[in-house]
Amino acid sequence: MTAKIVVGLGGGEGESRALTYAKKMAKLIGECELIVVYVVEWSPYTFQTPEENAERHKRREQEIEAATSRVVNPAVEALRGEGYSARGLVRHGDVADLLEIIAKEEGADQIVVSRTSKEGVLKRVFGSSTAHLVMHASVPVTVVA
């Protein structure tokens, strides 16, 4: 059976550390798929006019396309070029919640994210969200320094 590792990227400096660690784990495991995930923060709890909602939907699609082309696809292509089994996902919502949901949906064995002081996934999830992810995830969570 193929193991799966969800790698949370945030488009910042720490993502290479998360990818490096995930690659190391994949080599140790052997048969392993890396699922590269970028979550665009998105709150459904705003009150807007129908026109604003239509514009918001358009922005959402643009953000998904940008994250896919600028962050996820290059990471997946690089991993595949190095011989790893990899694919990518981009979602909108709460970072910690979606990483956990994706891990469950995919039957992942582990979630890997990086800690960074400037930007990226853990800037958005450090604090109560990171604690939530680490304490409530259904699989081990590795936070790479």
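Laboratory data are not the source of any read-out in this text; all were calculated from the coordinates shown. Since the model is a prediction, treat every value here as computed from it, not as a measurement. Heads up, the Cβs are rebuilt from the backbone with ideal geometry, glycines too, and the neighbour counts pull from every protein chain shown.
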Next item on the list: Provide the packing ranking of 89-99, 66-76, i.e. peptides ordered by the mean count of other C-beta atoms within 10 Å per residue, highest first.
Entry: 89-99, 66-76
Check: Any idea how far apart Met1 and Ile29 come out in nm if each label point goes 7 Å out from Cα toward Cβ?
Finding: 1.2
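Can you check what the net charge comes to around His136, using other residues whose Cβ is under 13 Å from the Cβ of His136 (Lys, Arg +1; Asp, Glu -1)?
Details: positive: Lys104; negative: Asp94, Asp97, Glu100.
So the surrounding residues net to -2.
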Next item on the list: Obtain the nm distance between the two label points defined at His57 and His136 by a simple spin-label model: each point lies 7 Å from its Cα along the Cα-to-C-beta direction.
Entry: 2.9
